[in-house]
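Note sheet for the following structure.
The values are calculated or read from the model by the stated rules, or taken from the named source; none is laboratory data. Computed from a predicted structure; not experimentally measured. We place every Cβ from the backbone using ideal geometry, glycine too, and count neighbours over all the protein chains shown.
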There are 2 protein chains.
Amino acid sequence: MSLIVQKFGGTSVGTPERIRRVARRIAAAKRAGHDVVTVVSAMGHTTDELVDLAAQVAPDARKKHKREMDMLLTAGERIAMALVAMAVREEGVEALSFTGSQAAIITDEAHTGARIQEIRADRVKEEIGRGRAVVVAGFQGVSRSREITTLGRGGSDTTAVALAAALRADRCDIYTDVDGVFSADPRRVPNARLLPWVESQQMVELASSGAQVMHPRAVELGARYNMPIRVLSSFRDDDRVATLITRRDPMQPMEGMVLTGLASDRGYARMVIRGLPPTMEAAARVLEAFGEANVSLDMVTVSEQGDGLRQLELTVKEDGVPEGEAVARKLVEELHAQGVDVRNSLTRIALVGSGMQERSGVYAQEFQALLRAGVEVYTVSSSAISIQVLVDADKENVALVALHDAFELAEVPGSVR
Amino acid sequence: MSLIVQKFGGTSVGTPERIRRVARRIAAAKRAGHDVVTVVSAMGHTTDELVDLAAQVAPDARKKHKREMDMLLTAGERIAMALVAMAVREEGVEALSFTGSQAAIITDEAHTGARIQEIRADRVKEEIGRGRAVVVAGFQGVSRSREITTLGRGGSDTTAVALAAALRADRCDIYTDVDGVFSADPRRVPNARLLPWVESQQMVELASSGAQVMHPRAVELGARYNMPIRVLSSFRDDDRVATLITRRDPMQPMEGMVLTGLASDRGYARMVIRGLPPTMEAAARVLEAFGEANVSLDMVTVSEQGDGLRQLELTVKEDGVPEGEAVARKLVEELHAQGVDVRNSLTRIALVGSGMQERSGVYAQEFQALLRAGVEVYTVSSSAISIQVLVDADKENVALVALHDAFELAEVPGSVR
C-alpha cells in the first residue's frame, strides 16, 4: 500500500463531468488499497473571472489590494475541492476537503506570491489514517500571522509536490492535458518523443527554458526533496503513458553525455545602445537605470564599436521592451550616445542534456544544424546542462525541427561521447 | 555501524609519514566499528613524473600511445594503494588493496578519458564482509574488452563517489588539503565562510565555475545517486570542521532564495571579429572554422556595428587563443572583414544560489557592487542557479571581495526575497 499525492489542474476539473471523472480515479485508487491525497486547482477559468470581477470593483486591485485579492482568489479552489470531495463520496468512498490553511501549508507573508516555509500536515495525516480520501486546495497557504496567502505562478503544482514531500509520499502524480514530457513540443516537432524518464535537474532546466508541462518551481522542490513526480494525462485511462521525473534514469550508464530534449521560450528582445562613451561610468549608469526601472535583464554584453565608442547589448523579455526602450532613449540623451536599436520577436531555445562538459563538439553540431536550416543565431550561452541560443521567433519551428533531427532526439538515447 | 568510502588525494599520501597518518585514520575508523573502503590517488607528483618519463621515451606519447599511457599511469595508484594497505596492516587491522580492474570499475573504451559505465563490486563487498579494510586505486578502470583505462580529470574523486554509490555507502568522505567548501576562495576573500552545508546542484555549479575543492564530474555523480559527500582536511584531526554536500540543506525553508557562494575561473579571453558582412553565411563560416579548429567557445554574440557591418564576439579559454586568433585572422582575409581584437586575461566569476528566479534585483545589486568597486563587466549570463560575469583578471580579488560583502556571504543566510 502506497501513499500517492495527485494534482489535477483547472482543465481537469473544468466541468461537473470532468470532476466526476477525477472522483472515479480517486475512488479506484482507494479501492486498489492506496492512500490518496488530491490537490486541485480552481475550475477552468474561475480565477480569470474572479480577477475580472475585482478589476470591475477596484481598478488596479492586483497591486493595491493584494490581501483581499488572496481572499478572493482562494474561493476558486475552495469551490473545486468541495465539489471533488462530494463527487468522491458519491462513489462510495469517504472523503473530505481542506483549505491550504487547514492543511497547515505555512507560507511567508508575501500576498499573491508567497513561498512555502513548511507544512505541518497533522490533520491531513490523521484523516489518511482513518482511511479517507483527502482533497486539498492548491495554490493557497497561510502565514504565521494567520493571513491567507496565494503562491503565485506554478502554485498548485508546488502545493502538490510540497505536500508529497511533507507526507513522505511514495510519488506525486501531476495530471495535465498532455501525455507527459516530450523531447520537444510535439505541436512544433511532429516526431517528438514522449520521454518515459527525465532526470529532475534536467527537468528544472527544460521547465525554466519554456517547457510548459510543469512549473520549474515545483520541479525544483521535487528535486530537492527527492520526490518522484509522474506527469500524465487526465484524459487517458492508461497510466502507463507517462513521464517519470526522478533523480536519475536507471537505464543510463553511471557517467556519460545524454541529450534529453529541447525547450523554447518566446518573447525575448535584444536592445543595443550604440555610441556610448568608453567609460566605466557610462556602462554603470545604463545598468543602474535599467535596475531602477525594474526591467529584467537576461544577458548583457559590452562591445567596442571600432570608432572608440562602445555599445551595450541587453537581452530582455519583450514585456519589458516599452519601459526598457523609454529608459534607453533617456540614457542616449543623458550620455550623448548615438541611438538605440531594438530587435523584437526573438525566441530562446535550450538544448538540455547531462555531461555536456565536452561542449565544443555539441556547439559545432548545433551551429551547423541551425545554419543548414537557415536560422540566424544572435546569442549563445551555456550552463553545465544546457546550451541556449537566441533566434528569430518566426524561425522557432524550423530551428526546433533542425536541432531535434541533428541530435537524433526522436531516438532512444545511448550514451554519446 | 556504517559503511564509509574515503578518498585521499596525491598530497594526502605524498610521503611515507603521510601514508602512515592515513593508515591511522583508517584503523581508527575500523576500530570504531565502521566498514571502510579507501580510494587513493598516486603519491604527490608521481603522475607528472611518469608523464615526463613517457615524453622522454616517446614525444607526443599522450596523443600517440594512449593505451600504453594508461598502462603506465595506473602504476602510480598501484604503488600508493599497496603502501597504504601495508601501513594499515602495520596498525593491526586486516587490509588489502584492489586495482580498478579488480574492483570491477567498468568503463567505456576511451583511453586517458574513460567514463564509468558500472561497478560490479562483488569482490570489494566480500572483503568488507570479512571485516577487512579495502583500499582501491582511484582514477582507473577496465573496459568490457579487459583493457586498462584511466578516467581523466577528476578521476579519483569520481572513483570514490561511484564506488560509494555502487556499494550503497552511507557517505563518501573526500579528504583534501583545505577544510571544506567556502563561500569564496579564502585566499582571495579573507572573511570567506566555511559552509557547513551545500546543496548538491549548487556544488556542481560552484565546481563548474572554478571552485577547485572537488571536480564537478564527481559532484554531479553524487547528486545523481543521492550520495552524501563530506569534504574535509586530511591535515586536521577534528572532523567536525567539514562541508557536507547533500540534496538539500535541512536548515532552509522549503522554498526561498539563498545565495551560497562565489567561484571564479581565470584564463578567459574575448575575441572580436570586426566588419563582417551582414550575412548569415559569414557568421556561419566563422563558427564552422572555430569548430573545425576545435576551439571551445564559451559564449557567442553577434552585433551590428552601426555602419551596416557586423561583429562577432567570442569568449574562449585563453589556451585556445593562439589557435583561435590564427583562425580569426584567416577569416578576416577570407571574408574581407576589418580585423580582430583580442582581450586577454579575463576571469569569469559566478554567484551561485537557489531560487534566483526573481533575478532583476540580484542583477542590479551585483552591478552596483562591482561598479562601486571599479570593476568593469564585459559579459553577463545567467542560469537558474547562477549569474556569471566576465571581468579583468587583475580585478578578480577586488570583485570577489565586493560581491562577497554586497551579498553578505560571510553571514549565515536566512531566506532572502
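For segment A:80-101, indicate whether the set of residues that are closer than 20 Å to residue A:220 by Cα and under 27 Å from the mean Cα position of the chain (by Cα) is non-empty. Break it down stepwise before answering.
Residues of segment A:80-101 closer than 20 Å to residue A:220 by Cα: none.
No, there is no match, as no residue in segment A:80-101 is closer than 20 Å to residue A:220 by Cα and under 27 Å from the mean Cα position of the chain (by Cα).
Kindly evaluate residue A:287 against the criterion of being at the interface with chain B (Cβ under 7 Å from one of its Cβ atoms) and out of contact with any Asp or Glu (no Cβ under 7 Å at 6 or more places or on another chain).
yes
Can you spot a residue in segment A:283-295 that is exposed (fewer than 15 other Cβ atoms within 10 Å of the Cβ), free of Cβ contacts under 8 Å to residues at least 60 places away in the same chain and among the small types (Gly, Ala, Ser)? I'd like the intermediate steps shown before the answer.
The first filter runs over segment A:283-295 and keeps only residues exposed (fewer than 15 other Cβ atoms within 10 Å of the Cβ), leaving A:292, A:294.
Subset that is free of Cβ contacts under 8 Å to residues at least 60 places away in the same chain: A:292, A:294.
Restricting the remaining residues to those that are among the small types (Gly, Ala, Ser) gives none.
No, segment A:283-295 contains no residue that is exposed (fewer than 15 other Cβ atoms within 10 Å of the Cβ), free of Cβ contacts under 8 Å to residues at least 60 places away in the same chain and among the small types (Gly, Ala, Ser).
For segment A:191-207, how many residues meet the condition of being surrounded by fewer than 24 Cβ atoms within 10 Å (Cβ to Cβ) and out of contact with any Ser or Thr (no Cβ under 8 Å at 6 or more places or on another chain)?
1
For the condition over 29 Å from the mean Cα position of the chain (by Cα) and closer than 30 Å to residue B:216 by Cβ, what is the one hit in A:302, A:362, A:377? First the steps, then the outcome.
Working: A:362 fails: over 29 Å from the mean Cα position of the chain (by Cα); A:377 fails: over 29 Å from the mean Cα position of the chain (by Cα).
On inspection, the qualifying residue turns out to be A:302.
Only residues that are facing another protein chain (nearest Cβ under 8 Å) and without any contact (Cβ under 8 Å) to a residue 40 or more places away in the chain: list them for segment A:370-404, please. Walk me through how you get there before you give the answer.
To start, the set of residues in segment A:370-404 that are facing another protein chain (nearest Cβ under 8 Å) comprises A:371, A:374, A:376-384, A:386.
A:371, A:374, A:376, A:377, A:380, A:382, A:384 - these are the residues of segment A:370-404 that are facing another protein chain (nearest Cβ under 8 Å) and without any contact (Cβ under 8 Å) to a residue 40 or more places away in the chain.
Where in segment A:187-280 are there strands (runs of 3 or more DSSP E), lying wholly inside it, with at least 3 residues that are within 14 Å of chain B (Cβ to nearest Cβ) and not acidic (Asp, Glu)?
Details: elements: A:197-199, A:229-233, A:243-246, A:258-276.
Counting at least 3 such residues, we get A:258-276.
From the residues in segment B:324-339 that are crowded, with 19+ Cβ neighbours inside 10 Å and within 12 Å of another protein chain (Cβ to nearest Cβ), which one is farthest from residue B:250 (Cα to Cα)?
For segment B:324-339, the residue satisfying everything is B:337.
Could you grab me the full set of residues in segment A:299-310 that are more than 7 Å from every other protein chain (Cβ to nearest Cβ) and either hydrophobic (A, V, I, L, M, F, W, C) or surrounded by 23 or more Cβ atoms within 10 Å (Cβ to Cβ) (or both)?
A:309
Any idea which of B:160, B:169 is within 19 Å of residue A:226 (Cα to Cα), in the same structural domain as residue B:18 (by TED's automatic domain parsing) and in contact (Cβ under 8 Å) with a residue 12 or more places away in the chain? Walk me through it before giving the result.
On the way: B:160 fails: within 19 Å of residue A:226 (Cα to Cα).
Residue meeting the stated conditions: B:169.
Filter segment A:296-318 down to residues that are modelled with pLDDT of 85 or more and either in a loop (DSSP other than H, G, I, E, B) or not assigned by TED's automatic domain parsing to the domain that holds residue A:348 (or both), then give me how many there are.
Here the count works out to 1.
Looking only at segment A:106-129, filter to residues that are under 22 Å from residue A:224 (Cα atoms) and β-branched (Val, Ile, Thr); which one of those is nearest to the other protein chains (Cβ to nearest Cβ)?
Here the residue is A:116.
Report, by residue number, each residue of segment A:49-62 that is more than 24 Å from residue A:10 (Cα to Cα) and assigned to a helix (DSSP H, G or I).
Looking only at segment A:49-62, we keep the residues that are more than 24 Å from residue A:10 (Cα to Cα), and these are A:57-60.
A:57, the sole residue that qualifies.
Quick grid of which residues meet (1) farther than 14 Å from residue B:76 by Cα; (2) surrounded by fewer than 24 Cβ atoms within 10 Å (Cβ to Cβ):
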| residue | (1), (2) |
| --- | --- |
| B:110 | yes, yes |
| B:116 | yes, no |
| B:140 | no, no |
| B:149 | no, no |
| B:159 | yes, no |
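Answer yes if at least one residue in segment B:153-163 is more than 15 Å from the chain's Cα centre (by Cα) and among the charged types (D, E, K, R), and no otherwise.
No: segment B:153-163 contains no residue that is more than 15 Å from the chain's Cα centre (by Cα) and among the charged types (D, E, K, R).
Evaluate segment A:314-328: report whether one residue or more is in contact with a helix residue (DSSP H, G or I) (Cβ under 8 Å, 6 or more places away or on another chain), hydroxyl-bearing (Ser, Thr, Tyr) and under 25 Å from residue B:310 (Cβ atoms).
The answer is no, given that none of the residues of segment A:314-328 is in contact with a helix residue (DSSP H, G or I) (Cβ under 8 Å, 6 or more places away or on another chain), hydroxyl-bearing (Ser, Thr, Tyr) and under 25 Å from residue B:310 (Cβ atoms).
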